[in-house]
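Structure record follows, encoded as structure tokens.
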Amino acid sequence: MTSTESIPPVTATRVLVLNSGSSSVKYQLLDMRDSSRLAVGLVERIGEETSRLKHTPLTGGGEEREREEPIADHEAALKAVSAELTADGLGLDSPELAAIGHRVVHGGLKFTAPTVVTDEVLAEIQRLVPVAPLHNPANITGIRTAQALRPDLPQVAVFDTAFHTTMPESAARYAIDVATADQHRVRRYGFHGTSHAYVSRETAGLLGKAPEDMNVIVLHLGNGASASAVRGGRCVETSMGLTPLEGLVMGTRSGDVDPAVVFHLARVGGMSIDEVDTLLNKKSGLVGLCGDNDMREIRRRIDEGDEAAALAFDIYIHRLKKYIGAYYAVLGRVDAIAFTAGVGENAAPVREAAVAGLEELGLAVDGELNAVRSDEARLISPEYARVAVAVVPTDEELEIARQTYALVGNPS
Ligand code: ADP
């Protein structure tokens, strides 16, 4: 055997997942042989006087590192991340890196699946900026920066909207003038799709069934919140629409309101469109109703007898219940309801209240099971219940890494 034969070929099994916001980058490096995380971290306040970088190596016994320093832009941020990874022996120049997977918020109608980024793909993501002005520009910057760092690697865009592109027109269209809607691409796209895809599949796995054989309602309740109805593994309805503003009551977003509220606030309230936009997106929802958007704080205040917090909770639950009922009707038969994200995974009182009184629909929660705190996917419905109620922790980064790796395979 010659010396070259004795060196095993390098297999590229790592995927870097990047979630680029306007002033932040979250990242995870995963090894797809066992889906393990090698490092996680984030850079915040990019472009401000003091930015913050937090990096946690999860292999080789390294310590969590945090530092504050000015980081001017996304390029500087990714270079800083790269330096941290290199210090852990996980540098982005490694031949073991197979691809970089990017979360892209809006993929419109065109992107129904993860896509290897080309110039045309970037141009299309750019064309969607008018319908995602806050998110797509940051996502594009993240992709361009990563391309500059590793021009030889496939960059894969994984779209928040992709899972929802299977919605029928009856669910995706608003009942407004068709020509106007089409001209301005006004329709319901839905978001959080990566989470809804992952959680609906994991819920089937938890019940030992194939996703094709299951009808699931997924309730993604984080700071942003959305519900989806998934029939046989395909999304048929979701609560967010043209933008993430529609649907459930959220941390700072109103969710559904009569659109005439906007005209009223402009005409009678004298507010500008931008002011109403800020009101509905940033100063409404739980924070608008009671001043807090953290469910832990709201529960604490309720325990102390705070009426505003109690009313905010009731409004949140009422909306959630309306969506459960609506999606039950959309699906006809429901096999499981899955709670996920910060509130869904942690707030037992929310889960209990959301299904309370729905026994006639086959829905119930077992008090003891619901009170268990765990990071594992688990059932919280009593054995007799016709519909399984589950808590299924979401993992958008793992799903992005899986979709990315499945697309590029192993290029070595
Ligand atoms: P994001 O939409 O920002 O990704 P998350 O899914 O992380 O949000 O959810 C964040 C929210 O989860 C917090 O605002 C808080 O309301 C809720 N939350 C987190 N931990 C708990 C907990 N232990 N109990 C109740 N609510 C929680």
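Each value in this text was obtained by applying a stated rule to the coordinates, not by laboratory testing. This is a predicted model, so every value here is computed, not measured. Cβ placement follows ideal geometry from the backbone for every residue including glycine, while neighbour counts extend to all protein chains displayed.
When the helices in the chain are scored as -39500 (n - 2.57) per DSSP H run of 4 or longer and the sum is shared across all residues, what 222 nm value do you end up with, to the nearest 500 deg cm²/dmol?
Values: 16 runs with 155 residues, N = 412.
For the chain, the value works out to -11000 deg cm²/dmol.
Length gain on complete extension for the stretch THR11 to SER23, per 0.36 nm per residue less the alpha carbon to alpha carbon distance?
Numbers: separation 12, 0.36 × 12 = 4.32 nm, distance 3.39 nm.
Roughly 0.9 nm would be gained on extension.
Provide the per-residue ³J(HN,Hα) series for the stretch 106-122, in order, calculated from phi with Karplus coefficients 6.51, -1.76, 1.60 and θ = phi - 60°, each as a whole number of Hz, with x at glycine and proline positions.
Couplings: 10, x, x, 8, 6, 9, 9, 7, x, 9, 5, 6, 10, 4, 5, 5, 4 Hz.
Anyone know which of ARG33, ARG45, ARG234 comes out most mobile in the 10 Å Cα GNM of the chain?
Greatest mean-square fluctuation among the candidates belongs to ARG33.
Can you give the longest run of the chain that contains no GluC sites (Glu not before Pro) sitting in a DSSP loop with at most 10 other Cβ atoms inside 10 Å? Mind dumping the intermediate values first?
Numbers: sites that count: GLU49, GLU63, GLU304, GLU376, GLU383.
Answer from the scan: 64-303.
I need the phi-derived Karplus couplings for the stretch 132-147: 6.51 cos²θ - 1.76 cosθ + 1.60, θ = phi - 60°, integer Hz, Gly and Pro marked x.
9, x, 8, 9, 4, x, 5, 5, 5, 4, x, 5, 4, 5, 5, 4
Please sort by residue number the trypsin sites (Lys or Arg not before Pro) in the stretch 319-412 whose DSSP state is loop and whose Cβ has at most 12 other Cβ atoms within 10 Å. If you can, show how the numbers build up before the last one.
Numbers: sites: ARG319, LYS321, LYS322, ARG333, ARG351, ARG373, ARG378, ARG386, ARG402; in loops: ARG333, ARG373, ARG386.
Sparse-neighbourhood loop trypsin sites (Lys or Arg not before Pro): ARG333, ARG373.
Got a sec? Charge dipole of the chain, +1 on Cβ for Lys and Arg, -1 for Asp and Glu; which of TYR316, THR165, SER22 is way out at the positive end?
THR165
Label ASN346 and ARG300 with points 7 Å out from Cα along Cα→Cβ: what is the distance between them in nm?
Distance between label points: 1.2 nm.
Using a ≥ b ≥ c from the Cα gyration tensor of the chain (square roots of the eigenvalues), is it rounded, prolate or oblate, where a/c under 1.5 gives rounded and otherwise the larger of a/b and b/c decides, a/b for prolate?
Numbers: a/c = 1.58, a/b = 1.36, b/c = 1.16.
Judged from the Cα gyration tensor, the chain comes out prolate (a/c at least 1.5, a/b above b/c).
Connecting C-alpha atoms closer than 10 Å in a GNM of the chain, tell me which of GLY41, GLY362, GLY269 has the biggest fluctuation.
It is GLY269.
Using modelled amide H (1.01 Å from N, peptide plane; none on Pro or chain starts), what sits under 5 Å from the amide H of LEU18, excluding residues fewer than 5 places away?
GLY101, HIS102, ARG103
Specify the inter-centroid distance of the stretch 62-84 and the stretch 282-339, based on alpha-carbon positions, in whole Å.
Each part's Cα centre sits 37 Å from the other's.
Longer than 18 Å from Cα to Cα, which of LYS26/LYS79; LYS26/LYS110; LYS209/LYS322 are they? Say none if no pair is.
Numbers: LYS26/LYS79 13 Å; LYS26/LYS110 26 Å; LYS209/LYS322 27 Å.
Long pairs (Cα-Cα over 18 Å): LYS26/LYS110; LYS209/LYS322.
Using a Gaussian network for the chain with springs between C-alpha atoms less than 10 Å apart, which of these wobbles most: HIS184, HIS318, HIS196?
Ranking HIS184, HIS318, HIS196 by mean-square fluctuation puts HIS184 first.
Quick one: the Cα spread of the stretch 1-135 along its three principal axes, in angstroms, biggest first?
The Cα atoms of the stretch 1-135 stretch 60, 38, 22 Å along the principal axes, largest first.
Taking the Cα centre of the chain as the origin and placing charges on Cβ (Lys, Arg +1; Asp, Glu -1), which of SER36, GLY269, GLY409 is farthest toward the positive end of the dipole?
Farthest towards the positive pole: GLY269.
Let a ≥ b ≥ c be the square roots of the eigenvalues of the Cα gyration tensor of the stretch 81-225; is it rounded (a/c under 1.5), or, if not, prolate (a/b larger than b/c) or oblate?
Oblate is the answer for the stretch 81-225, as a/c is 1.5 or above yet b/c matches or exceeds a/b.
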